[in-house]
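These notes concern the structure reproduced below.
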Amino acid sequence: MVSRVIPVDPFDLVIFGGTGDLARRKILPGLFRRFCAGQMPQEARVIGAARAELGADGYRDMVREAIHEFGGDEGSDDTKLGAFLERLHYVAIDARDEGGWRDLAGLLRHRVIRAFYFSVAPSLFGDLAERLNNHGLTDNDSRIVVEKPFGRDLASARQLNGDLAAFFDESQIYRIDHYLGKETVQNLMAVRFGNMLFEPLWNSQFVDHIQITVAETVGVGGRGDYYDKSGAMRDMVQNHLMQLLCLIAMEPPARFDPDAVRDEKLKVIRALEEVEPHHIVRGQYDADPDDPENLPDYRTAVEDPKSRTESFIAMKTHIANWRWAGTPFYLRTGKRLCARSSEISIMFKDTPHSIFGEEAGRHRNVLSIRLQPNEGIQLGVTIKEPGPGGMRLIDVPLDMTFADALGPSGAENVDAYERLVMDVIRGNQTLFMRGDEVEAAWAWTDPLIEGWTNRGDVPKPYDSHSAGPDAAMQLMRRDGREWREVTP
Ligand code: NAD
């Protein structure tokens, strides 16, 4: 299956922070792959903007190296890479002073889309917005893209929203959550709303519970300083897991358009119940004595022997509305776990009565949506075990792993950033968070963090390369349920 590529309109994309880690690892290699796919029109240009005094050639050298390293298979095609690099420009600019802004003004063209990617610390968002405005570099059609973290609590998120709203309309602001750019996440909506099969069962009458797991094998690495001020709740739950939960739980929007979808997501966040303290388990990873790399435990990694920041969190929450009353949502995420795996599982209820007798066992359908690795969707169904010997039941997966179902090109590895940057140019905000969504998510998160801080809760230690603290298992077992195994 060959995927169709429709070129976008001509654009000037300015990447503030164009020399940074995110630009080098994700944004620029992503743009290069879109260029190779034929999606960037002839007139499209990318302008790196950062503090370093590099010059256009110096910047192109830097980007060449980055694409060799992070550009995947296409990254070794020097002809294409050379053609892409010709589209690149650079200005040395400081968000906090006047240097470089006139140079940027001189580079920007009229009558093409202007997009400004703020790939810098959030503390610079306000300065950038103001200077863009003061130098007259934006018009009503210009777009700005901002990265996470969008605030660290409700007050700071409101402040950031206010800083941006002073100069831009909400329709111009693209808040990235790269989870929303994943193929499977969009497929989740296609499966729910494009089939008759699932939606009638998508409620507390038929669904026993829902599990969302985002497990990482890596520890905090070199980001210890940032991470220790944040923790799994702020870094993962408030944004990525919350967004996944919204897509699972929302009502069908009337249309697949940005505000219709985001209105429904917002209603879910506002209907989330406050989580009871005994329904939250926080953990911190220990070192693994058998680890050949001898990687440090969490507190050593963040250089604070008394840190109470969680590198793992599991919780049970409820959505107080007609569709979901009584169906728990279990969320879990953590670092240094046994496998890298992101999965949403819709656990359907047992059949009300087994006609096959107790010895056939009780079976339930599970719809599992796997975001990484091996993106795909699997439906577990119960069938008869083949062969003689009576009616024995087994569960088998109906597999919709994209690589199998669609062939290699159908599962084309389009990185979330590639898709999202192209959506910015197309002016499609569906996969971006709206300001009120982000604020509502913080309004739910803040009291939970305040609660465990005021109580002085200490995270529970867990072994590196395990599935997390035992208490997280107990959280499920108390309810007569089990987490799905974390598998690579
Ligand atoms: P980085 O520290 O590697 O790069 C920061 C960039 O900002 C550099 O290009 C630097 O020159 C530029 N910069 C710093 N101060 C500036 C100023 N006063 N004026 C103009 N430019 C300035 O950071 P990063 O890892 O690339 O992250 C950028 C943003 O993206 C941050 O908000 C981060 O939280 C977010 N983010 C990063 C990742 C990632 O994987 N790196 C993932 C998600 C979100």
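The values are calculated or read from the model by the stated rules, or taken from the named source; none is laboratory data. All values derive from a computational prediction rather than experimental measurement. In this analysis, Cβ positions are derived from the backbone assuming ideal geometry, glycine residues included, and neighbour counts consider all displayed protein chains.
A few comments on the model shown:
- Residue identified as in a loop (DSSP other than H, G, I, E, B), more than 14 Å from the ligand (Cβ to nearest atom) and in the same structural domain as Leu448 (by TED's automatic domain parsing) among Gln186, Gln205: Gln205
- Among (1) more than 13 Å from the ligand (Cβ to nearest atom); (2) farther than 14 Å from Tyr417 by Cα; (3) in a helix (DSSP H, G or I); (4) of a type outside the set (A, V, I, L, M), the one test that Tyr59 misses: (1)
- Enumeration of residues in the range 127-147 that are within 24 Å of the chain's Cα centre (by Cα) and more than 10 Å from the ligand (Cβ to nearest atom): Arg143, Ile144, Val145
- Per-region count, the range 338-368, residues closer than 15 Å to Met236 by Cα and not hydroxyl-bearing (Ser, Thr, Tyr): 3
- Restricting the range 278-317 to residues that are in a strand (DSSP E or B) and among the β-branched types (Val, Ile, Thr) leaves a set whose member that is nearest to Ser204 (Cα to Cα) is Thr317.
- Residue, farthest from the ligand (Cβ to nearest atom), within the range 15-31, restricted to residues that are in a helix (DSSP H, G or I) and within 16 Å of Ala49 (Cβ to Cβ): Leu31
- Residue that is farthest from His110 (Cα to Cα), among those in the range 32-53 that are within 15 Å of the ligand (Cβ to nearest atom) and of a type in the set (A, V, I, L, M, F, W, C): Ala52
- Odd one out for Phe402, checked against (1) surrounded by 13 or more Cβ atoms within 10 Å (Cβ to Cβ); (2) at pLDDT below 95; (3) in contact with a Lys or Arg (Cβ under 9 Å, 6 or more places away or on another chain): (3)
- Arg392 surrounded by 13 or more Cβ atoms within 10 Å (Cβ to Cβ) and among the charged types (D, E, K, R): yes
- When the range 13-25 is filtered for residues that are touching a residue at least 60 places away in the same chain (Cβ under 8 Å) and buried (at least 20 other Cβ atoms within 10 Å of the Cβ), the ones remaining, listed by number, are Leu13, Val14, Ile15, Phe16, Gly17, Gly18, Ala23.
- Filtered residues of the range 195-243 (kept if modelled with pLDDT of 95 or more and among the aromatic types (Phe, Trp, Tyr)): Trp202, Phe206, Tyr227
- Cross-chain or 6+ apart pairs with Cβ under 6 Å, the range 31-57 first and without any contact (Cβ under 8 Å) to a residue 40 or more places away in the chain, then within 16 Å of the ligand (Cβ to nearest atom) and among the hydroxyl-bearing types (Ser, Thr, Tyr): Leu54/Tyr90; Ala56/Tyr90
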